[in-house]
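Only the coordinates and a few stated rules stand behind these numbers; no lab work does. Bear in mind that the values here come from a model prediction, so they are computed numbers and not experimental data. Counting neighbours? That spans all protein chains shown, and the Cβs are built from the backbone with ideal geometry, glycine included.
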Amino acid sequence: MIKLAIYGKGGIGKSTCTANLAAAFATLGKRVIQIGCDPKADSTINILGGTPVMPVMDHMREHDEEPKTIEEISRSGFGGILCIETGGPTPGLGCAGRGIITTFSLLEELELFEKFKPDVVLYDVLGDVVCGGFAAPIREGYADKVLIVTSGEKMALYAANNISKAVKNFEDRSYAKVRGMILNRRSVENEEEKVRAFAESAGLDIVADIPRSADIIKYEDMGKTVIEGDPQCETSQRFFELARLLIREEEGR
């Protein structure tokens, strides 16, 4: 099973990259689960045609009890991708990381992975924080590998550096390891040079180079990933290349 956690600076395009990668895996015939680990609960919306799934934490508040089945807290979207959003506390109250921990515990109780039997699980994780509940996806066997999304912007690279260091600090605890970086271009001056220089200094690979494209915005406005909207375009092909790379690596184990 391919188990990936996607990290990066807030607003850098993690959800876009995660959803398109999920859609690429599904198009290639893989059984996929995407779990959004953010109180905004918008990670999977473009897998679901623009209609969000009710977050786990919202369900628990509304019903004042834990859900009894996976179906109560999930929806199936493009390519049969099973979509789950952790959600978070009432705004201004509680810890967002606690929502992730609560959801993961619940998914274990409901035997999500045993029942759904996924080939791929993707965790889209809030911001550049790798502590507390936000570290949950990379510990205890949930994810094996981390992908860091960045651009050539200063703060995006700063966040990527913090994430890389934090994950490496956990390596002796059998947590997930950083597999590489996704360059999500923002048309920054000398962007490729800046990201490649950082990647070399950090000892990381750039596993995908996603062009800045109006196609992404066009199809997201329609509630779709670019993979669903135009699987033949250059942007889609970059996500397919990354999916195939990760499949080859998994099969080569």
Which of 68/165; 194/218; 9/115; 117/224; 115/165 have a Cα-Cα distance over 31 Å?
68/165; 9/115; 115/165
Considering the alpha-carbon set of region 2-251 alone, what are its Rg and its Dmax in angstrom?
17.0, 52
Would you grab the residues whose amide H sits under 5 Å from the one on residue 3? Only those 5+ places off in sequence or on another chain, please, with H modelled 1.01 Å from N.
121, 144, 145
So in the chain, what percent of DSSP beta bridges are antiparallel if you round to the nearest 5?
5
For region 135-253, what size does the Cα cloud have along each of its three principal axes, sorted from largest down, in whole Å?
43, 35, 25
Return one number: the angle in degrees, 0 to 90 and rounded to the nearest 10, between the long axis of the Cα atoms of helix 96-109 and the longest principal axis of the Cα atoms of the chain.
60
Run through region 1-100 and list the GluC sites (Glu not before Pro) located in a DSSP loop whose Cβ has at most 11 other Cβ atoms within 10 Å.
65
Summing -39500 (n - 2.57) over every DSSP H run of at least 4 residues in the chain and dividing by its residue count gives a helix-only mean residue ellipticity at 222 nm, to the nearest 500 deg cm²/dmol, of -11500 deg cm²/dmol
Assigned charges on the beta-carbon of Lys, Arg, Asp, Glu; region 2-251 dipole about Cα centre (debye)
480
What net charge do the residues around residue 77 carry, taking every other residue with its C-beta under 15 Å from that of residue 77, with Lys and Arg at +1 and Asp and Glu at -1?
-2
Any number yet on Rg/Rh for region 1-147, C-alpha, Kirkwood?
0.92
Region 1-146 - charge dipole about Cα centre, Lys and Arg +1 at Cβ, Asp and Glu -1, debye rounded to 20
560
